[in-house]
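I have placed the structure first, in the form of structure tokens, so that the comments after it can refer back to it.
Here, each number is a calculation from the coordinates, and none is a lab measurement. This structure is a prediction, so every number in the text was calculated from the model and none was measured. Ideal geometry is used to build each Cβ from the backbone, glycine not excepted, and the neighbour counts take in all protein chains shown.
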Amino acid sequence: MDGKDIDRNAVKEGDPTEKEQQELLQEAGKAIIDYDSGRAEEVANKALASGIEPYTVITEGFVPGITKVGDLFDRGQLFLPELILAADAMKAGTAVCQAEIPEAEVKTAKKVVIGTVEGDIHDIGKAIVVSFLLANGFEVYDIGRDVPLEKFIEKATEVKADVIGMSALLTTTMEGQKGVILKLREAGLRDKFKVIVGGAPTSQAWANRIGADAYGGNAVDAVKKIKEVTGLS
Ligand code: B1M
């Protein structure tokens, strides 16, 4: 769907009501809980067409769904196969939304190398951060997931990056974020790059403890912090 021309703020007679939009957001979450990729895409399209912002569809629609699935998994009420199916539905739904977050025409000339650290294959949140960085004019080098620690430094050096961004969703792989900072120090490169960390188990306190320059709590916050550390705001 090409929704780039939709003026989401223009209210017309017959437009969906706030209640209908709330129902669509709930349906989005339910599609994840039901592991239904097709429905996740369908609801995403409907929600966008109803005028809901792509980021709102993700954060108020899909995220509560995947969070619920994560909680059930944590409590042993569902298992890895279901978690994988829910993640597939999450990716399908968020991809529809991300396609509606256009890349900025005006570029910032700031380069960000971003990936999920070694041992960690969670990349849904990182992909959302990448979309937001592109929408804000950053040149982004997404080096993927389960990325060896050295690769962050190699890529950042190769492209003369301003920022290294590391995502981690597991308490065990958070250590990789610290590892990259230690490696940067050992190589005498710590001053060359700003470092931002993010992912559900991380926090500002963690960023402070490992000597990162910033912590991003979500995609919007990540962009804000990267703008701050690169002197754009
Ligand atoms: Co996994 N998983 N998972 N998982 N998984 C968690 C993280 C977990 C909390 C679930 C739980 O038990 N409640 C738990 C971790 C527990 C812990 O470490 N203490 C867990 C586990 C245990 C595991 C496995 C070990 C399970 C197993 O194999 N037995 C395994 C690990 C595999 C590995 O990585 N080696 C595993 C696997 C998987 C799937 C593959 C099935 C799938 C991931 C698919 C994928 O990403 N391609 C998956 C999923 C989907 C989840 C949950 C349910 C949802 C994660 C997600 O996508 N959230 C998760 C539970 C949860 O988080 N509540 C869970 C939505 C996303 C939009 O949010 O990623 O937080 P998030 O990103 C946000 C912010 O954090 C921030 O902005 C994003 C957008 O707002 N952000 C950044 C993220 N990165 C950033 C970087 C920045 C700045 C901001 O700067 C660089």
**Message:** Can you give me the C-alpha center-to-center distance between region 14-81 and region 130-157, rounded to a whole angstrom?
**Reply:** 28
**Complete:** On each of the three principal axes the extent of the alpha-carbon atoms of region 160-211, given in whole Å and largest first, is 28, 19, 16
**Complete:** Summing -39500 (n - 2.57) over every DSSP H run of at least 4 in the chain, dividing by its residue total and rounding to the nearest 500, the 222 nm mean residue ellipticity is -15500 deg cm²/dmol
**Asked** Per-residue HN-Hα couplings for region 140-147, Karplus 6.51 cos²θ - 1.76 cosθ + 1.60 at θ = phi - 60°, whole Hz, x for Gly and Pro?
**Response** 10, 10, 8, 8, x, 10, 6, 8
**Asked** Among E105, E27, E41, which one moves the most in a GNM of the chain with springs linking Cα atoms closer than 10 Å?
**Response** E105
**Asked** What share of Cα pairs, in percent, lie more than 19 angstrom apart in region 179-233?
**Response** 28
**Request:** In whole Hz, with x marking every Gly and Pro, tabulate ³J(HN,Hα) for region 67-81 from phi via Karplus 6.51 cos²θ - 1.76 cosθ + 1.60, θ = phi - 60°.
**Result:** 5, 4, 4, x, 5, 5, 5, 4, 7, x, 8, 8, 10, 3, x
**Prompt:** Near the amide H of Y141, under 5 Å away, which other amide H atoms are found, from residues 5 or more places off or on another chain, if H is placed in the peptide plane?
**Reply:** V112, V113, I114
**Item:** Which of D191, D36 has the fewest Cβ neighbours within 10 Å, and the rest in rising order
**Value:** D191, D36
**Prompt:** If contacts are Cα pairs under 8 angstrom and at least 6 residues apart, what is the relative contact order of the chain in percent?
**Reply:** 15
**Complete:** Diffing region 32-43: the Karplus 3J(HN,Hα) column from phi (6.51, -1.76, 1.60, θ = phi - 60°), in whole Hz with x for Gly and Pro, holds 6, 5, 8, 6, 10, 5, x, 5, 4, 5, 4, 5
**Request:** Just tell me which aspartates and glutamates come within less than 17 Å, Cα to Cα, of K194; anything on the same chain fewer than 8 places away is out.
**Result:** E139, D142, E150, E154, E158, D162, E186, D213, D221, E228
**Prompt:** Among the lysines in region 1-150, how many pairs, 8 or more places apart or on different chains, have alpha carbons under 23 Å apart?
**Reply:** 21
**Request:** Would you please classify the overall shape of region 102-194 from the alpha carbon gyration tensor, given that a ≥ b ≥ c denote the square roots of the eigenvalues, rounded means a/c under 1.5, and beyond that prolate means a/b larger than b/c while oblate covers the rest?
**Result:** oblate
**Request:** Run through all the Cα pairs of the chain and give the fraction in each 5 Å bin from 0, expressed as whole percent.
**Result:** 1, 7, 14, 17, 18, 15, 12, 9, 5, 2, 1, 0, 0
**Asked** If you build a Gaussian network model of the chain, linking Cα atoms that sit under 10 Å apart, which residue out of G29, G137, G125 swings the most?
**Response** G137
**Prompt:** Between K19, K160, K151, which gets the highest mean-square fluctuation from a Gaussian network model of the chain, Cα cutoff 10 Å?
**Reply:** K19
